[in-house]
Amino acid sequence: MKLRNTSAAVAAVALLALTATACGGGSDSGSNGDKITVGIKFDQPGLGLKTPDGKYVGFDVDVARYVAKELGYTEDKINFKQAPSAERENLIKNGDVKFIVASYSINDKRKKEVDFAGPYFLAHQDLLVRADDTSITKVEDLNSKKLCSVTGSTSAQNVRDKLAPKADLRQLGGYSECLTGLENKRVDALTTDDSILAGYAAQKENQGKFKLVGLRMSDENYGIGLKKGDDELRGKINKALEKMVSDGTWKKLVDQHFGPSGYKSEPAPKVEG
């Protein structure tokens, strides 16, 4: 009889352990005890950049820090994880991150897989040209120019296919290569989101060399990606974003990270309910 009672107790403990493990994969995904894992870009100056000395800087990084603080996490409790564009949905769905702040445009296709808080920033596709170049003022001017973007870029393809079909499109391995080509006059313009272009132009070594044309070829509402169905977390992040705008932090961060490029951002977009 004693043996049967002991066996029953062991079984009960095992069942409780399994139940706790199963529950742990819910809204706590991306958390590790008192720490939180947040996805950012590591290679976008002005937005999300990991510096050679291991620091994380940029507008998106500071937005992530602000939101995490409002959720109860001090900076030393934040673990930043690289979130390449092609991996963002998987990182969220697998619970590798709590949320992602990485120039993550909200669209219907992505909303089928993940949820978004925000938006917190409105960007537009634009062109970056040399500071002394006055020959490109509208997208049609690219029909006689060399246009640069990274391999596989939908931004460059959009310009050539729909707006300037005669543009000579050059696709290189990275934006830094395009910038070098732009500076050396091997290409005439670089295209992607204006926030990304502004980030590169604002780098100390690039200040004064380039300018944004100021075209608005698309609307890109950046949101904070999180696991689908986590309405509680989404609500908390939205409140944090609203506070960030109302207390002046949003404007301060925009000026800090994009101001040196001369980029004039849109006003803070209205956070969706």
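The values are calculated or read from the model by the stated rules, or taken from the named source; none is laboratory data. In this text, all values refer to a predicted model and were calculated from it rather than measured experimentally. Cβ atoms come from the backbone with ideal geometry, glycine included; neighbour counts cover every protein chain shown. Ligands, DNA and RNA are stripped out before the accessible areas are found, and what is left, the full protein with its side chains, is counted by its heavy atoms. Shrake-Rupley method; radii C 1.70, N 1.55, O 1.52, S 1.80 Å.
Pairs are defined by a Cβ separation below 6 Å, a sequence spacing of at least 6 or placement on different chains, a first member in segment 107-135 that is among the β-branched types (Val, Ile, Thr), and a second member that is part of a helix (DSSP H, G or I); the pairs so defined are 114/89; 114/92. In this structure, is residue 185 closer than 27 Å to residue 162 by Cβ and either surrounded by fewer than 16 Cβ atoms within 10 Å (Cβ to Cβ) or among the acidic types (Asp, Glu) (or both)? Taking the combined requirement at face value, the residue satisfies it. Of the residues making up segment 145-156, one or more are among the basic types (Lys, Arg), part of a strand (DSSP E or B) and over 25 Å from residue 47 (Cβ atoms). Residues of segment 35-67 that are in a strand (DSSP E or B) and open to solvent by less than 10 Å² (accessible area, probe 1.4 Å): 36, 38, 39, 40, 48.
Which ones in segment 222-233 are of a type outside the set (Phe, Trp, Tyr) and open to solvent by less than 50 Å² (accessible area, probe 1.4 Å)?
Residues satisfying the conditions are 223, 224, 225, 226, 230, 233.
Under the condition of being assigned to a helix (DSSP H, G or I) and among the β-branched types (Val, Ile, Thr), which residue from segment 222-267 is modelled with the lowest pLDDT? The qualifying residue modelled with the lowest pLDDT is 254. All conditions in (1) closer than 19 Å to residue 116 by Cβ; (2) open to solvent by 30 Å² or more (accessible area, probe 1.4 Å); (3) in contact with a Ser or Thr (Cβ under 6 Å, 6 or more places away or on another chain) hold for residue 97, with the sole exception of (2).
Residues of segment 79-94 that are surrounded by fewer than 19 Cβ atoms within 10 Å (Cβ to Cβ) and in contact with a helix residue (DSSP H, G or I) (Cβ under 6 Å, 6 or more places away or on another chain): none at all. Does residue 162 meet the test of being assigned to a loop (DSSP other than H, G, I, E, B) and more than 24 Å from residue 50 (Cα to Cα)? So residue 162 fails the test.
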